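Quick note: the coordinates plus some simple rules give every number you see, no bench work behind them. In this text the structure is predicted, and so the values were computed from the model without any measurement. Here Cβ is always computed from backbone atoms with ideal geometry, including for glycine, and neighbour counts include all displayed protein chains.
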Amino acid sequence: MNALPGLVPRFKICHGLKIRFAHWQPRGQARGRVLLLQGRAEFLEKYLETVGDLVARDFEVMSFDWRGQGGSGRLLSDPYKGHVPTYNDYLRDLYTLCGNWLNESEVPCFLLAHSMGGHIALRLLANQPRWFQAAMLCCPMVHVITKPYSQRQAAFIAHGACYTGFSEEYAPQQKQYRFSNMEFENNSLTSDKTRFERNRQYLRDSPNLEIGGVTFGWLHASFQSIRRTHQRDYAQRISTPLLICESDQDMVVDNRAIREMVARLPQAKLRQLSPARHELLQEKDEIRTQLWHYFDELVAAT
């Protein structure tokens, strides 16, 4: 791995909450801008290597920690609960932080997103079809894997818990989740031990960046947002050229749902990377090399 770029985080109050963000410039003239959207429970430091890869390609980059995670403000008295009442809050923060940066750009803008960020990217692309020249979504959260419950059962349970006043309580099997305590041998995120340990060390050095499992409220908000993207004709609103990459060993998001979504997206192509787990941008060098090859092809085609 190459030396990572520096991080000088800034903060902006977005709809009553402090949001942590950062901006990177290439040394020379920027060929374009990339908005980098994280997944759930992630943070800026985890993407410094990815930022370095983009800056080396002469892209200007902006990224931020979603509300309720990383260095951004938390929504509950227990800061380790992963919670949000509605995904509209995520989108409003994004517009406040990045809207002018994208609207006023004199160079092409691209979108790179992972997992939950990939789901929010679909919402964004449907609402703002002219912002981006193209987008690459890595293992987007088109639907979540909810075993041992079916997705319908999980949605019903989350709705019932929120309706009866338990929206801020941990969902089943979520309280014990802490990435910093996870062992590499049992992880479903990456097969690259060096990157796994690097990301875990970030959290051990700065425990305020970590969150744990999700609440019923987060689950309910996720199912509501997912349901919106599956409405009839929703996918047809997305006209931006899309490259969607899935991992062959994903245990976090539903690959079948991703393929069904791709079939409805008029401008989308699908690529599967193998052998790979959920976090493609944190995977082994051979997987990341292939992923960047796909990204370069996507940019060159626009």
### Message
Could you list 18, 147 so that the one with the fewest beta carbons within 10 Å of its beta carbon is first and the one with the most is last?
### Response
147, 18
### Label zone at residue 274, where the point sits 7 Å out along the Cα-to-Cβ direction: region 164-203 residues whose backbone N lies under 13 Å
none
### Query
Taking a temperature of 20 °C and a viscosity of 1.002 mPa s, what whole-number D in µm²/s does Stokes-Einstein yield for the chain with Rh from Kirkwood over alpha carbon pairs?
110 µm²/s
### Query
Can you give the helix-only mean residue ellipticity at 222 nm for the chain, where every DSSP H stretch with n ≥ 4 adds -39500 (n - 2.57) and the sum goes over all residues, rounded to the nearest 500 deg cm²/dmol?
-11000 deg cm²/dmol
#### Entry: Cα pair distances of region 183-302 binned at 5 Å [whole percent]
2, 9, 15, 16, 19, 17, 14, 7, 2, 0
### Summary
Env charge @ residue 104, Cβ radius under 15 Å, K,R +1 / D,E -1, value 0
### Summary
Taking Lys and Arg as +1 and Asp and Glu as -1, residues besides residue 154 with C-beta under 14 Å from its C-beta add up to +2
### Task
May I ask for the distance between the Cα centers of region 97-151 and region 242-272, given as a whole number of Å?
13 Å
### Task
Report the Stokes-Einstein translational diffusion coefficient (µm² s⁻¹, integer) for region 49-172, Rh taken as the Kirkwood radius over Cα pairs, at 20 °C with viscosity 1.002 mPa s.
128 µm²/s
### Task
Using only the Cα atoms of region 252-302, each taken as one equal point scatterer with no solvent, compute I(q) by the Debye sum, divide by I(0), and report log10 of the ratio at q = 0.19, 0.26, 0.28 Å⁻¹.
-0.77, -1.11, -1.13
### Query
How many Lys pairs in the chain lie less than 30 angstrom apart by Cα atoms, where the lysines are 8 or more positions apart or on different chains?
25
### Of the GluC sites (Glu not before Pro) in region 77-174, those whose Cβ has at most 10 other Cβ within 10 Å and which sit in DSSP loop
104, 106
### Query
Once the Cβ-Cβ distance between residue 4 and residue 239 is put in as r, and R0 is 35 Å, what FRET efficiency do you end up with, to the nearest 0.05?
0.50
### Query
Got the relative contact order for region 65-105 handy, in percent, Cα pairs under 8 Å and 6 or more residues apart?
29 percent
### Message
Give me the dipole magnitude in Debye, nearest 20, for region 10-300 about the Cα centre, with unit charges on the beta carbon: positive for Lys and Arg, negative for Asp and Glu.
### Response
660 debye
### Query
What is the distance, in nm, between label points placed 7 Å from the Cα along the Cα-to-Cβ direction at residue 264 and at residue 130?
2.6 nm
### Message
At 0.36 nm per residue, and after removing the present C-alpha to C-alpha distance, how many nm does the segment from residue 104 to residue 76 gain when stretched out fully?
### Response
6.6 nm
